[in-house]
Amino acid sequence: MPSVTEFRLDAELAGFVTGGVTVIAASRDAGNCPNLVRARGCRVSPDGRRVTVFLDGPQSTSLLADWRANGRVAVVFTRPSTHRSVQLKGRDAAIEPLAEGDHAIVARYRDLLAEELATIGYGHGFTAALLAADHDALVALSFTPEAAFSQTPGPGAGAPLTR
Amino acid sequence: MSPTLDAIRECLEGAVPAVIATCAPDGTPNVAYLSQVEYVDSVHVALSFQFFNKTRENILANPQARLLLTHPATAQMYRMSLEYLRTETAGPLFERMKAKLAGIASHTGMSGVFRLLGADIYRLLTIEQLSAQPLPAPAPRLSLLSALRVAVEKLNACSDLASLLEQTLDCLATEFDIPQALLLMADVGRERLYTVASRGYENSGVGAEIGYGEGVIGVAARERTPIRIGHMTAEYSYGRAIREAAARGGLAERLESEIPLPGLPESRSQLAVPILARGHLLGVLYVESPQDLRFSYDDEDALVVLAAQLGLHMCALQEAAETPEPAPDSDPARAPAQGRRATVRYYAENSSVFLDGDYLIKGVAGSILWTLLQDYVNGGRASFTNRELRVDPRIRLPDLSDNLEARLILLERRLVERDACVRIEKTGRGRFRLAVSRPLELISTGAD
């Protein structure tokens, strides 16, 4: 078992993961069967040690059960226009109620991603449909990143990021 | 009810990239974007394997995977559970994916980075439609089934190969809204394709050739599988393939390059469908468009069916053409050849024919023309049948299945396009006559 380490996001990386990037979160069940869902934005704690992603509850039912059972999580953040891609992994994923201001983060995220996707030809309506979720159905998933990997396409994909 | 894979194939086109989740044996999940998901059949997909990355490592140890797919127009998302089965590194599926990946790489600025190492085949276990508020689906641009029905009826009514070829191109333009198309026939012995008809280009390109394996068209012929690319890529451009072949080769290749294959300067979508019948490759139907992602899986299905119909008709009409109709009662009187004498030069090396120093044709069509002209000049003959050409030892048809009628159509069109003083005129099924408007001098170079 590797020693539990923390990966602290610096300001640049925190800016990247909370910007106009696509966010996909993955879980796995007791039989190591993986699952994944599109997230509705992200926030990073001021010290860069805790990452929270927002999910549509109805789309995430089985993933939420996985996280409750084992806490193992992987989240990939990708900027479509540049393909820059970073994956964070953790083992302490926990489902939390939304904090004050989180709905504003989700709304701002939708605008940022709409702007980003507009640069590659997708209308705002498409992004709105992609990220549509009922206000009350949003859940927050928080975890402590233990490792981060560059996933930008190419032979260097998968290389760990240094802190 | 969960949707079938066939019903959501648009999600595999890559307009919105698919995402894959896998899990390591130690229970660490991994999530990554995929370059390409290829439809194999209603219960299998193939994913592109390009790098030895975490996804690859995981699926070899734990074959369970899940994909997140997004509909490019409605934003509806689907989750697909998959089980990894095996990897293919050659063959039709691999070549289809390799060609498509070249287009994707070029479109995303990843040329030189993306290279297909294998086609990872997965069994589809489940498809889950996620709760969503999707956009309304756009109306289809046309009904492919009704276009196909009209086209099939029109092909059924054709009584000779020339009208079959024209009708096919007409239908592509009018019924399928595909104005740019080429029809190429296979020269099986030489593993080359020659253009016999085209539509929508400045130059017809009739007679232009391409080798098996070169560009989208050549790969479709060699692998006998449709090749479909949704973005512009230099790697599969047949123009480039031909230029390279010409740079490498000798006289034969230089002659081929004298008739350039027509093509759109900025071709963004390409689809080449092999024309197969009774287990033989007869040719290739090729369409292209200046739009990205113009041809869908459904377009491919429709053109595969159209090409199958075309192939069966080609076979039937070929057989008919070699059973000539009785000769007409009397040949119409022909005007005597007059004016300046034309020089016809024949090079036995590659059966090429030059008229007054200009390249006209080569190969089988070249030796057919030379044979006809010899009989015309030396024996005063002007009427011929396909059947006698088939058995003429001077022509050396490469294969019994070779489409002689297609060679004659090619020859007839080249003569018209070059405004030659020699023409081929059909006088009935399986018969034709040579019409010569100037006196001819025949010069043969090399062993005949």
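The values are calculated or read from the model by the stated rules, or taken from the named source; none is laboratory data. This one's a predicted model, so the numbers in the text were calculated from it and none came from an experiment. Glycine also receives a Cβ, built like all others from the backbone with ideal geometry; neighbour counts cover every protein chain displayed. With ligands, DNA and RNA removed, areas are computed over all heavy atoms of the protein, side chains included. Shrake-Rupley method; radii C 1.70, N 1.55, O 1.52, S 1.80 Å.
For residue B:65, all conditions in the list (1) more than 8 Å from chain A (Cβ to nearest Cβ); (2) assigned to a strand (DSSP E or B) hold save one; what is the number of the exception?
Every listed condition holds for residue B:65 apart from (1).
From B:159, B:163, which residue is open to solvent by 60 Å² or more (accessible area, probe 1.4 Å) and either part of a helix (DSSP H, G or I) or within 18 Å of residue B:312 (Cα to Cα) (or both)?
B:159
Within region A:50-66, how many residues are part of a helix (DSSP H, G or I) and either over 22 Å from residue B:26 (Cβ atoms) or open to solvent by 10 Å² or more (accessible area, probe 1.4 Å) (or both)? It would help to see each step written out before you state the result.
Within region A:50-66, the subset part of a helix (DSSP H, G or I) is A:57-59, A:61-66.
Then keep just the ones that are either over 22 Å from residue B:26 (Cβ atoms) or open to solvent by 10 Å² or more (accessible area, probe 1.4 Å) (or both); that gives A:57-59, A:61-62, A:64-66.
So the count comes out to 8.
If you go through region B:197-212 one residue at a time, do you hit one that is under 20 Å from residue B:296 (Cα atoms) and touching a residue at least 24 places away in the same chain (Cβ under 8 Å)? Quick ask: steps written out before the conclusion?
First, the residues of region B:197-212 that are under 20 Å from residue B:296 (Cα atoms): none.
Within region B:197-212, none of the residues are under 20 Å from residue B:296 (Cα atoms) and touching a residue at least 24 places away in the same chain (Cβ under 8 Å).
Considering region B:25-35 alone, what residues qualify as being in contact (Cβ under 8 Å) with a residue 24 or more places away in the chain and surrounded by fewer than 17 Cβ atoms within 10 Å (Cβ to Cβ)?
Here is the first cut: in region B:25-35, the residues in contact (Cβ under 8 Å) with a residue 24 or more places away in the chain are B:25, B:30, B:34-35.
Within region B:25-35, B:25 is the sole residue that qualifies.
If residue B:22 passes every condition in (1) more than 9 Å from chain A (Cβ to nearest Cβ); (2) open to solvent by less than 30 Å² (accessible area, probe 1.4 Å) but one, which one does it miss?
Just one mismatch for residue B:22, condition (1).
Residue by residue, here is whether (1) modelled with pLDDT of 95 or more; (2) closer than 29 Å to residue B:84 by Cα holds:
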residue: A:22; (1), (2): yes, yes
residue: A:33; (1), (2): yes, yes
residue: A:83; (1), (2): no, yes
residue: A:106; (1), (2): yes, no
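Does region A:54-71 contain any residue that is within 15 Å of the chain's Cα centre (by Cα) and of a type in the set (Val, Ile, Thr)?
No, region A:54-71 has no match at all.
Looking at region B:4-17, which of its residues are part of a loop (DSSP other than H, G, I, E, B) and open to solvent by 10 Å² or more (accessible area, probe 1.4 Å)?
Hits for region B:4-17 are B:4, B:14, B:15, B:16, B:17.
Against the condition surrounded by 18 or more Cβ atoms within 10 Å (Cβ to Cβ) and touching a residue at least 12 places away in the same chain (Cβ under 8 Å), how does residue B:383 come out, does it pass?
When the stated conditions are applied, residue B:383 does not pass them.
Taking the conditions exactly as written (in a loop (DSSP other than H, G, I, E, B), modelled with pLDDT under 95, open to solvent by 20 Å² or more (accessible area, probe 1.4 Å) and at negative phi), does residue A:156 satisfy them or not? Please lay out each step first, then the result.
Details: in a loop (DSSP other than H, G, I, E, B): yes; modelled with pLDDT under 95: yes; open to solvent by 20 Å² or more (accessible area, probe 1.4 Å): yes; at negative phi: yes.
Here the answer is yes, as residue A:156 does meet what is asked.
Mind checking whether some residue in region B:85-103 is more than 26 Å from residue B:212 (Cα to Cα) and part of a strand (DSSP E or B)?
Yes: one or more hits.
Under the condition of being open to solvent by less than 20 Å² (accessible area, probe 1.4 Å) and in a helix (DSSP H, G or I), which residue from region A:67-114 is nearest to residue B:129 (Cα to Cα)?
A:67
Would you be able to tell me the number of residues in region A:18-45 that are open to solvent by 10 Å² or more (accessible area, probe 1.4 Å), within 12 Å of chain B (Cβ to nearest Cβ) and either over 18 Å from residue A:56 (Cα atoms) or in a loop (DSSP other than H, G, I, E, B) (or both)?
5
With respect to residue A:15, is the statement that it is over 17 Å from residue A:90 (Cα atoms), open to solvent by 10 Å² or more (accessible area, probe 1.4 Å), more than 13 Å from every other protein chain (Cβ to nearest Cβ) and not in a strand (DSSP E or B) true?
yes
Which is more than 14 Å from chain A (Cβ to nearest Cβ), without any contact (Cβ under 8 Å) to a residue 12 or more places away in the chain and hydrophobic (A, V, I, L, M, F, W, C), of B:147, B:139?
Going through B:147, B:139 in turn, just one is more than 14 Å from chain A (Cβ to nearest Cβ), without any contact (Cβ under 8 Å) to a residue 12 or more places away in the chain and hydrophobic (A, V, I, L, M, F, W, C): B:139.
So which residues in region B:36-78 are surrounded by fewer than 17 Cβ atoms within 10 Å (Cβ to Cβ), of a type in the set (Gly, Ala, Ser) and under 28 Å from the mean Cα position of the chain (by Cα), if there are any at all?
Correct list: B:42 only.
Could you list, in sequence order, all residues of region A:115-136 that are open to solvent by 20 Å² or more (accessible area, probe 1.4 Å), of a type outside the set (D, E, K, R) and either part of a helix (DSSP H, G or I) or more than 13 Å from chain B (Cβ to nearest Cβ) (or both)?
Matches in region A:115-136: A:118, A:119, A:124, A:125, A:128, A:135.
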